[in-house]
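Reading through the structure tokens given below for one structure.
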Amino acid sequence: MSDELKRWSEDAPEPYLEAKRAYAGLAPRAEQLEHMLARVEQAVQLPVAPAPAWLSAKGWLWLWLVPVLGLLGVALFFAQPAPHSAAFVPASVAREPAPSAPVLSTPARPASTSAVEVRAPNTTALPAAPRRAPSLAVSDPLAELALLDRARRVLTTNPARALALSEEHHRSYRNGQFAEERELLAIEALVGLKQREAAERRARAFSRAHPNSVHAHRLEVILQREAP
Amino acid sequence: VSDHAQSLSQQPFRELFRAHAPFVWRVLRRHGVRDAELEDLCQEVFVVVHRRLAEFAGRSSLRTWIYEIARRSALAHARLRAQAPRPNPDATAELADSARGPEAALEHERALRWLEAALARLSDDKREAFVLYELEEMTLAEVAEAQGCALNTVHYRVTTAREELRALAARTAQRAPFRVAQGGP
């Protein structure tokens, strides 16, 4: 008896049928949908999209090892009986650069469903690639996102704390990947703190800095909230 | 090579997103997520979906699985806001700026308000079963899975919800015919 049930239509009251038609139309607008998709893709690709740590300022220092160890390898090759050289020089460093196959050491990253994408310039792998130091947080969008998440979670319950976290974000990731989101969050926190003037000032600065921001509409919504 | 692999692995996710985002959007709305937060939360749901897609492995209906993630996100969100989930008061706001004419939008808005009020009178289980089956057009089996109950139970919930809505519609019609324009006695 309960295998299937015809959807309610024939004997359904008119208000319901009207509402069902309206309900089916409840959906994000097409451009809103694509924007969300872009943000989601950005978020899930974060672990692999950013420049690898060894490309950051400190990381470059290690590059001198390539020619030095390379020369050392060559020198050893000629100075010693052939088989020994390999014991002294890591094969991957002594080899000629192999630009087609950059290898990235990303131990903390899960081998998730998406393929690892490496946008690296022509360079070989460095076996001695330095671990990501905390001070290099600039290149760590996951930490950046986590900080923003923390702020967002307390936005309504504790806007002062959210504002403080957004300032922390500003200090640590001034031009991070989520600078726009951070600004939006700070403005929202200011509205929550009833600091309207500051919120509006910052919103104007935001609009000047990001005239084509995808968040423009959201900014309006935030500013209209609890308008005096 | 890696670029190509990436685009291949992303394509199904994009399709999945486009197919299910409107559904998640409505689920979040129905669970009281406000307009201003809808976009963010919807994104978060799909970040989770993406992360856990490997775990899913076809154990259930994809839609049921996504529904569960969305529902939990909405509940967690409501807890953070320290408020019980409730119908979204501005659930119809965006209809006003939709492509349809203002009159049709108004009509839709009124209909949705009626539905919202009517659904609010149902018990939680009946409301959920009714919304998923009648409005989201899931199969009975999907609803049973989402609710963790037997098919018969879903059948019962949906049919009794219908009866209650019908009775409610009859009462509303007696008081004030649905199609009479609002505004002024």
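The values are calculated or read from the model by the stated rules, or taken from the named source; none is laboratory data. Since the model is a prediction, treat every value here as computed from it, not as a measurement. Neighbour counts are summed over all protein chains in view; Cβ atoms, including those assigned to glycine, are modelled from backbone coordinates with ideal geometry. SASA here: full protein model, heavy atoms, side chains in, ligands and nucleic acids out. Shrake-Rupley method; radii C 1.70, N 1.55, O 1.52, S 1.80 Å.
Observations on the structure shown:
- Residue match in the range B:80-87 (condition: open to solvent by less than 10 Å² (accessible area, probe 1.4 Å), at pLDDT below 90, within 15 Å of the chain's Cα centre (by Cα) and over 22 Å from residue A:38 (Cβ atoms)): no
- Leading residue by the ranking (modelled with the highest pLDDT) among those in the range A:25-46 that are surrounded by 13 or more Cβ atoms within 10 Å (Cβ to Cβ) and acidic (Asp, Glu): A:34
- Contacts under 6 angstrom Cβ, first residue in the range A:157-181 being of a type in the set (A, V, I, L, M), partner open to solvent by 50 Å² or more (accessible area, probe 1.4 Å), 6 or more apart: A:165/A:150
- Residues that are part of a loop (DSSP other than H, G, I, E, B), surrounded by 13 or more Cβ atoms within 10 Å (Cβ to Cβ) and more than 7 Å from chain B (Cβ to nearest Cβ), drawn from the range A:1-24: A:12
- Check on residue B:111, in a helix (DSSP H, G or I), farther than 21 Å from residue B:61 by Cα and within 9 Å of another protein chain (Cβ to nearest Cβ): yes
- Of all residues in the range B:1-19 being open to solvent by 30 Å² or more (accessible area, probe 1.4 Å) and modelled with pLDDT of 90 or more, the one that is farthest from the other protein chains (Cβ to nearest Cβ): B:19
- The set of residues in the range A:169-202 being over 23 Å from residue A:145 (Cβ atoms), in a helix (DSSP H, G or I) and not acidic (Asp, Glu) consists of A:196, A:198, A:199, A:201.
- Figure legend. Inter-residue proximity from the range A:207-223: first residues farther than 19 Å from residue A:156 by Cβ, second residues part of a helix (DSSP H, G or I) and among the basic types (Lys, Arg), beta-carbon distance below 9 Å, spacing 6+ or different chains. Indicated pairs: A:214/A:39.
- Any pair with Cβ under 7 angstrom, 6 or more apart, that starts in the range B:151-162 at a residue that is free of Cβ contacts under 8 Å to residues at least 12 places away in the same chain and ends at one that is open to solvent by less than 30 Å² (accessible area, probe 1.4 Å) and assigned to a helix (DSSP H, G or I): B:151/B:140; B:151/B:144
- Across the range B:130-152, the number of residues qualifying as facing chain A (nearest Cβ under 9 Å) and open to solvent by 40 Å² or more (accessible area, probe 1.4 Å) comes to 5.
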